[in-house]
Amino acid sequence: MKSFKLIQLLAITAVLLAGCKEETSQQEADAQEPGGLKTIFKDDFYIGAAISATQIEEADAKAAALLPKEFNSITPENVMKWMYIHPGRDSFDFALPDKFVALGEKHGMNIIAHALLWHSQLAPWVEQVKDAKEMEAVLTNHINTIVGRYKGRVHGWDVVNEALNEDGTLRETPFLKTMGEAYLEKVFKLAAAADPAAELYYNDYNIEQPAKRAGCIAMIKKLQAAGVKIDGVGIQGHWSIAGLPYEDIEKSIQEYAALGLKVHFTELDMTVLPNPWDLKGAEVSQNFPGSPFMNPYPDSFPVARQEEQAVAYQRLFELFLKHRDHIERVTFWGMNDGHSWLNGWPIKDRTNYPLLFDRNFEPKPAYRSVMELKKKAKP
Ligand code: XIL
């Protein structure tokens, strides 16, 4: 009996020691290779990136390696927009969208499709649609074909993108002009029927700003009252280092969550370039002339400004962590500064630095400041 107890004791000690060793080696591994953003924030929200056609094709080896290390969600930057995926009334092009979905599956990622309905990057033929009946048939075919094709494979759809004006009223799109506001209910219902398991989102910029937010909430409430399934709201998050709207972001998270929605930050970036017109948001049709004054960092991003950006990103992520229960995903609009659309919008050919990785895929101070938040939080 006694020797049995001794053996038992030895066995327990061995197990405990092995456990400790495992823990120590995990801690050592963490210290050396802490894992990317997706690992650090794995209990909080998905960390996503918008990816270009080149990145979908894995043509850039550095991007292909960085993607699964840092990100666990992907959004196609352009290839699923109407003009590319449904260029002619009876023609669809699924080559790159298929590769996009397959890439997400290969890495076991949260796959977001963007954007089913948007007035911009729309195929020109859709603008010729004359009346409600014809538009309804066009939308039915568009949604059934595309959402149906990826049924059970895409986790979430940006069903409607940018349907609102800055004052919260509905934007005059070809959909509104032909069908009136009934188009909103129609497209969400079509998407839900085509893939009942997919999450459905409304996505827009500046919907953290008071007037547009009020319009957005009113629109969503109407949809909900009509029995529409809407799972989340996508706040694009094209902000500027000149001033992030932290208070409005916080209010927005709370108010959208109160509607029973998950909040997604879907297109996060932070321009560091001048903007004398005080533009807010991401109205893609804006285009202004350039000048050296408007492009102050053509060769490199000054260290002091990098630190400033790091502080702003840290404060933003602090807010995200505070409301992690309501936030499902934070997606950056691009992987590194060189990829960002902000090098070309709203002024062409500038050098911008809006993301967490530099043009060589090296993490910037902003990357470290964001990661630092979780390290601090650890006991
Ligand atoms: C942008 C892309 O990044 C660019 O490559 C393209 O030329 C224009 O569109 N809001 C959206 C995104 O919902 O789809 C837009 O993406 C940026 C603004």
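The values are calculated or read from the model by the stated rules, or taken from the named source; none is laboratory data. Since the structure is predicted, the reported quantities are computational estimates derived from the model, not experimental observations. Neighbour counts are summed over all protein chains in view; Cβ atoms, including those assigned to glycine, are modelled from backbone coordinates with ideal geometry. Just the protein is used for accessible areas: all its heavy atoms, side chains included, with ligands, DNA and RNA removed. Shrake-Rupley method; radii C 1.70, N 1.55, O 1.52, S 1.80 Å.
Report V138's accessible area, 1.4 Å probe, all protein chains in place, as a number in Å² to the nearest 10.
10
What does the extension gain come out to for A197 and E57, with contour length at 0.36 nm per residue minus their alpha carbon separation?
My answer for the length gained is 47.7 nm.
Given the range 74-207, report the % of alpha carbon pairs whose separation exceeds 27 Å.
Working: 1292 of 8911 pairs.
Cα-Cα pairs in the range 74-207 separated by more than 27 Å: 14 percent.
Under the 0.36 nm per residue contour assumption, what length would be gained going from the current alpha-carbon distance of D93 and K229 to full extension?
Here the segment from D93 to K229 would lengthen by 46.2 nm.
Evaluate the charge dipole of the chain about its Cα centre and quote only its size in Debye, nearest 20, assuming +1 on the Cβ of each Lys and Arg and -1 on the Cβ of each Asp and Glu.
The calculated dipole for the chain is roughly 980 debye.
From the phi angles alone, apply the Karplus equation (6.51, -1.76, 1.60; θ = phi - 60°) to the range 120-128 and give each ³J(HN,Hα) in whole Hz, x where the residue is Gly or Pro.
For the range 120-128, the Karplus curve yields 9, 6, 8, 5, x, 4, 5, 5, 8 Hz.
Using amide H atoms built in the peptide plane, which far-off residues or other-chain residues are under 5 Å from I347 H to H?
Result for I347 returns F288.
Can you give me the solvent accessible area of E199 with a 1.4 Å probe, rounded to the nearest 10 Å²?
The accessible area comes out at roughly 50 Å².
Per residue, how much accessible surface does the chain expose to a 1.4 Å probe? Answer in Å², no decimals.
Values: 17180 Å² over 379 residues.
Per-residue accessible area for the chain comes out at 45 Å².
Using a/c under 1.5 as the rounded threshold, could you call the range 163-217 rounded, prolate or oblate? The axes a ≥ b ≥ c are square roots of the C-alpha gyration tensor eigenvalues, and prolate needs a/b larger than b/c, oblate otherwise. If you can, show how the numbers build up before the last one.
On the way: a/c = 3.06, a/b = 1.41, b/c = 2.17.
Since a/c reaches 1.5 but b/c is at least a/b, the shape of the range 163-217 is classed as oblate.
What residues qualify as long-range amide H neighbours of F332, i.e. H under 5 Å apart, gap of 5 or more or another chain, H built at 1.01 Å from N?
Placed amide hydrogens put G48, A49, A50, L268 under 5 Å from F332.
What's the percent breakdown of Cα-Cα distances in the range 94-168 across 5 Å bins, shortest bin first?
Calculated P(r), rounded to whole percents: 3, 12, 20, 23, 17, 12, 8, 3, 1.
Per-residue HN-Hα couplings for the range 73-84, Karplus 6.51 cos²θ - 1.76 cosθ + 1.60 at θ = phi - 60°, whole Hz, x for Gly and Pro?
These are the phi-based 3J(HN,Hα) values: 8, 10, 10, x, 5, 9, 5, 9, 6, 3, 4, 9 Hz.
Using a basic spin-label model with each label point 7 Å from the Cα along Cα→Cβ, how many nm lie between W277 and K251?
For W277 paired with K251, the spin-label model returns 2.6 nm.
Step through the residues of the range 317-332 one at a time and calculate ³J(HN,Hα) from phi using the Karplus curve (6.51 cos²θ - 1.76 cosθ + 1.60, θ = phi - 60°), rounding each to whole Hz and writing x for Gly and Pro.
Rounded to whole hertz, the list is 5, 4, 5, 4, 5, 4, 10, 4, 5, 9, 9, 9, 7, 10, 10, 8.
Mean residue ellipticity at 222 nm from the helices of the chain, using -39,500 (n - 2.57) per DSSP H segment of n ≥ 4 over the full residue count, to the nearest 500 deg cm²/dmol? Don't skip to the end; give the middle numbers.
Working: 14 runs with 168 residues, N = 379.
Rounded to the nearest 500, the figure is -14000 deg cm²/dmol.
Taking the Cα centre of the range 229-325 as origin and charging only Cβ (+1 Lys, Arg; -1 Asp, Glu), how large is the dipole, in debye to the nearest 20?
It comes to approximately 180 debye.
If you take every DSSP beta bridge fully contained in the range 231-379, what fraction is antiparallel? Give it as a percent rounded to 5.
5
Could you rank R171, R305, R368 by how accessible they are, 1.4 Å probe, largest area first? Intermediate results must be reported in sequence, preceding the final value.
Numbers: R171 30, R305 55, R368 135 Å².
Largest to smallest exposure gives the sequence R368, R305, R171.
Take the residue pairs K251/K374; K106/K133; K280/K322; K151/K322; K99/K177 and return only those whose Cα atoms are more than 32 Å apart.
K106/K133; K151/K322; K99/K177
Where does the chain land on Rg(C-alpha)/(2.2 N^0.38 Å)?
Rounded to two decimals, the normalised Rg is 1.10.
Probe radius 1.4 Å, ligands and nucleic acids ignored: give me the carbon and sulfur share of the accessible area of the chain as a rounded percent.
Roughly 55 percent, rounded to a whole number.
Could you check the spin-label model distance between D43 and K106? Points 7 Å from the Cα along Cα→Cβ, value in nm.
Rounded to a tenth, the inter-label distance reads 3.2 nm.
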